[in-house]
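Below: the structure, in structure tokens.
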Amino acid sequence: MSEESDSLRTSPSAASLSENELPPPPEPPGYVCSLTEELVTKAREELQEKPEWRLRDVQALRDMVRKECPNLSTSLDDAFLLRFLRARKFDYDRALQLLVNYHSCRRSWPEVFNNLKPSALKEVLASGFLTVLPHTDPRGCHILCVRPDRWIPSNYPITENIRAIYLTLEKLIQSEETQDGFPIRIKAVHVVNEPRIFKGIFAIIKPFLKEKIANRFFLHGSDLNSLHTNLPRSILPKEYGGTAGELDTTAWNAVLLASEEDFVREFCQPVPVCDSILRQALPPEGLSSDAQCDDSLRAVKSQLYSCY
């Protein structure tokens, strides 16, 4: 037999390799902790996060995803899975359910999540509808400022506002120091200059909210002194009686627009066929892309969300 024949006989082609002989898929990027010692201690006390067990816990959740939700198209990176463990205080089952719910919401509400990137929301950002204040509160919470009066319904549908809020929350939790998981953990909602009808609506829905959530809503009306008992004037813009200068929305808009590639990679790729394991998660009843807002509700001039 010729040398060439021997070579062909002993060197099978790549097409004939069994699955076991194929190179394994690349491992997700490793996690590098960026928390300060103070935050590590806080995470241990409040979230049951033990640094020495952190990677073991992440691997346990990764294994659960692969075993119980093999068709779930999700990132398995350490840092990404860690969000959900922290949000559920390292309870594996609840963290997995949160991860499934997260993807279910994204896939069942395409008008919000498809093509979700800063450049697609320039009109909302330019309107000044929302921004993140440059200074955190004394607990280290970021403050999201929403100004409903800046939205003109004839310009774009309400879902564009929701997209902008979601985009902002996603950006905030990229930093590990502000991360408790997603959905983001709201510490307080401060409503300023709310119309009388808003107080009536809130009085109706408050009994249906969990007590912990209901107690995080503060309606201040036009009493800025009441607001200042919760948020110091030094971190607030002068529009809210603060001393931190005029409210500037351009800085946060620039932060979002600079993150275009990250959002394109995360939200603008082809979506696989909806996984059978995902439960239906519909948008709130009555909210559609062409929803219009009553003038009395648009009169709510601003809301400040103090959150991680």
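The values are calculated or read from the model by the stated rules, or taken from the named source; none is laboratory data. Being a predicted model, the structure only gives us computed values, none of them experimental. Every residue, glycine as well, gets a Cβ built from its backbone with ideal geometry; the counts of neighbours run over all protein chains shown. Just the protein is used for accessible areas: all its heavy atoms, side chains included, with ligands, DNA and RNA removed. Shrake-Rupley method; radii C 1.70, N 1.55, O 1.52, S 1.80 Å.
Computed over Cα pairs, the Kirkwood radius of segment 65-149 leads via Stokes-Einstein (1.002 mPa s, 20 °C) to a diffusion coefficient of 135 µm² per second.
A simple packing score, the average count of other Cβ atoms within 10 Å per residue, orders the peptides 186-198, 36-48 as 186-198, 36-48, with the highest score first.
The H on the amide N of F217, modeled in the peptide plane, is under 5 Å from the matching H of V189, each at least 5 residues off or on a different chain. Peptide packing for 123-135, 154-166 was compared via the average number of neighbouring C-beta atoms within 10 Å per residue; ordered from the highest value, the list is 123-135, 154-166.
In this structure, the pairs whose alpha-carbon distance is over 21 Å, taken from K117/K171; K89/K210; K117/K212; K42/K89, are K117/K212. Ligands, DNA and RNA left out, the accessible area of segment 33-90 computed with a 1.4 Å probe is 48% carbon and sulfur. Using the Karplus relation 6.51 cos²θ - 1.76 cosθ + 1.60 with θ = phi - 60°, the per-residue 3J(HN,Hα) values for segment 229-243 come to 6, 9, 10, x, 4, 5, 9, 9, x, 5, 4, 10, x, x, 10 Hz, with x marking Gly and Pro.
Phi angles across segment 77-90 convert, under the Karplus curve 6.51 cos²θ - 1.76 cosθ + 1.60 with θ = phi - 60°, into 3J(HN,Hα) values of 4, 3, 5, 5, 5, 5, 4, 6, 5, 5, 5, 10, 6, 6 Hz, Gly and Pro given as x.
For C145, the residues whose amide H sits under 5 Å from its own are T131, V132, L133, Y305, ignoring neighbours fewer than 5 places away on the same chain, with H placed 1.01 Å from N.
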